[in-house]
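> Below: one structure in structure tokens.
The values are calculated or read from the model by the stated rules, or taken from the named source; none is laboratory data. Remember, predicted model here, so these are calculated numbers, not experimental data. In this analysis, Cβ positions are derived from the backbone assuming ideal geometry, glycine residues included, and neighbour counts consider all displayed protein chains.
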Amino acid sequence: MRDLRGLTAFNDAGYEQARDCLLACCAAPRWAEHVVAGRPYASPDALIAAAERAFDALTREQWLEAFAAHARIGEPRKGDRRGAAEQAGARDADVATRAALERGNQAYEARFGHVFLVCANGLSASEMLGALEQRIAHTPEREFAIATDEQRRIAGLRLREVVLGA
């Protein structure tokens, strides 16, 4: 799958190519299908707005499917250049911070049943860890709402990069 650069390329792409491109932004097939079905988009803003509206149709299970596509904070998957770039602030973390992230990830997953999601662009490892430590105290309902907001932010950034070339 290659990135589609520009709204015209996205609008003109075949269904599968456009859907695959969107799944690189958010691994919720229903979300991608809703956005693809709305083509052609008259402007980048119209695409972004449609992507936001499409999130409203997701069930809890579909959100969890999207969350599962993310690597743990501080542990980007091999070959996932985009995810590694998004978590770049964790690369140079000291040993103690890395260990705390690993423990925190495990505790978070045990408590909430899904990976810790934070829009990590521009965050240091200690900022990521601070967010994790703060959010683990939330109720499951509150944390799920925050995780969906973080998924929306991540998808929006990726959509601007992958589709719009921004």
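> Arg60 fails exactly one of the following numbered conditions: (1) more than 16 Å from the chain's Cα centre (by Cα); (2) exposed (fewer than 14 other Cβ atoms within 10 Å of the Cβ). What is the number of that condition?
Failed condition: (1).
> Would you confirm, using the coordinates I've provided, whether Glu16 is outside any loop (DSSP other than H, G, I, E, B) and touching a residue at least 12 places away in the same chain (Cβ under 8 Å)?
Here the answer is no, as Glu16 does not meet what is asked.
> Given the residues Glu143, Glu150, which is the only one that is more than 10 Å from the chain's Cα centre (by Cα) and among the charged types (D, E, K, R)?
One residue alone meets the criteria, Glu143.
> Take the residues in region 6-48 that are among the small types (Gly, Ala, Ser) and within 17 Å of the chain's Cα centre (by Cα), then tell me which one is farthest from Gly83 (Cα to Cα).
Ranking the qualifying residues of region 6-48, first place goes to Ala32.
> Same structure again: State which residue pairs qualify: first residue at pLDDT 95 or above and inside region 111-134, second residue charged (D, E, K, R) and in a loop (DSSP other than H, G, I, E, B) in any location, beta carbons under 6 Å apart, and separation of 6 or more residues or different chains.
Val115/Arg72
> Among (1) closer than 19 Å to Gln87 by Cβ; (2) not small (Gly, Ala, Ser); (3) not in a helix (DSSP H, G or I), there is one condition Asp149 misses while meeting the rest; what is its number?
Of everything listed in (1) closer than 19 Å to Gln87 by Cβ; (2) not small (Gly, Ala, Ser); (3) not in a helix (DSSP H, G or I), Asp149 misses just condition (3).
> Now a separate question. Take Gly83 and tell me if it is within 30 Å of Ala18 (Cα to Cα), of a type in the set (Gly, Ala, Ser), free of Cβ contacts under 8 Å to residues at least 60 places away in the same chain and surrounded by 14 or more Cβ atoms within 10 Å (Cβ to Cβ).
Taking the combined requirement at face value, the residue satisfies it.
> Residues Phe67, Phe55, Phe116: which one is crowded, with 18+ Cβ neighbours inside 10 Å, touching a Phe, Trp or Tyr at 6+ places or on another chain (Cβ under 7 Å), among the aromatic types (Phe, Trp, Tyr) and more than 19 Å from Val163 (Cα to Cα)?
The conditions single out Phe116.
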